[in-house]
1. If you check 102, 22, 74, which single one turns out to be within 23 Å of residue 185 (Cβ to Cβ) and in contact with a strand residue (DSSP E or B) (Cβ under 9 Å, 6 or more places away or on another chain)?
2. Looking at the stretch 131-165 only, could you name the residues that are modelled with pLDDT under 90 and under 13 Å from residue 181 (Cβ atoms)?
3. Anything in the stretch 232-249 that is modelled with pLDDT under 95 and in a helix (DSSP H, G or I)? List them, or say none.
4. Looking only at the stretch 112-134, count how many residues are touching a strand residue (DSSP E or B) at 6+ places or on another chain (Cβ under 6 Å) and within 29 Å of residue 98 (Cα to Cα).
5. Does residue 202 satisfy being in contact with a strand residue (DSSP E or B) (Cβ under 7 Å, 6 or more places away or on another chain) and either at pLDDT below 95 or under 24 Å from residue 129 (Cα atoms) (or both)?
6. Give the residues of the stretch 47-56 that are within 18 Å of the chain's Cα centre (by Cα) and either surrounded by fewer than 21 Cβ atoms within 10 Å (Cβ to Cβ) or more than 24 Å from residue 182 (Cβ to Cβ) (or both), sorted by residue number.
7. Among the residues that make up the stretch 135-145, is at least one of them over 21 Å from residue 8 (Cβ atoms), outside any loop (DSSP other than H, G, I, E, B) and out of contact with any strand residue (DSSP E or B) (no Cβ under 6 Å at 6 or more places or on another chain)?
8. Kindly establish whether residue 159 is crowded, with 18+ Cβ neighbours inside 10 Å and farther than 29 Å from residue 5 by Cα.
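The values are calculated or read from the model by the stated rules, or taken from the named source; none is laboratory data. Quick caveat, the model's predicted, so the values are computed rather than measured. All Cβ positions, even for glycine, are placed from backbone atoms using ideal geometry, and neighbour counts span all protein chains on display.
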C-alpha cells in the first residue's frame, strides 16, 4: 500500500521555540506524523525535558538571535541524521505597548527576534536541504500581520514583514524543490496567555467575535504545520494559511 501523502516518515526537521506553546505542539504533531524533530529553546533543561518525551527527538538548545549557533545546530542535526528537510520558525517575542511607549531600540529588538532571525535561519537551512521536492520552510505568523491589535505595533509589524519574506522565499527556493509558507493563528490557548483566556472581557470578545466561540487548541495550529510539511502540500508555496476559526473575517 502506498504511504499516505500526509506521512512524514523518514523526514528530519527543526522547530524553534519548541519547549512550549504552539512550537511544542508542532514538534509533537510532526513526530506523530513520523518525522524526527530537533527541539529548540534557550533553556537546556526545558529542551531536554521535551526532547526526552518525543520519539527520536534531538536536543538542540540555542538562541535564535545567535545566528552562528543556529547554523551550527543545523550542521549538528545533519551530522546525526544525514538529512534536513523541515524548518519551522516558531519563536516569537511580544511587547504589548503602544507606539508612544515603544522606542526604536525596543522595536528593533523585537524585529531582530521575530523577523531577522527567522530570515537568517531559513537562509542557512535552505542551503542544507539536499533532498529534492521535500524541503519545507514554515513560519509562524499571526492574524495581527494584517489586522493589528491596539497597543501591539511592533509585533504586528514583525509578522507582516515575516509574511513578505515568505513570498520572497517562494520565488527563490521553488526551483530547488523547497516551499516556503506561513501559518497565521488567531487566539490560541497556550500556557503563555492563560491569563488572557480567563479574562472576562476577552471571554466576551471570543464569544461574540470568533465564529467558533472558543480559543484554538495548540494542536489545531500544529496540524496545519503537519500538512504544509507533507507531500500533500507540495504545490502550496508562498501562502499564508490562516487558522483562526473565521475571526479575521469578522474584524
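1. Going through 102, 22, 74 in turn, just one is within 23 Å of residue 185 (Cβ to Cβ) and in contact with a strand residue (DSSP E or B) (Cβ under 9 Å, 6 or more places away or on another chain): 22.
2. Within the stretch 131-165, none qualify.
3. Matches in the stretch 232-249: 247, 248, 249.
4. 1
5. no
6. Within the stretch 47-56, 47, 51 meet the criteria.
7. yes
8. So residue 159 passes the test.
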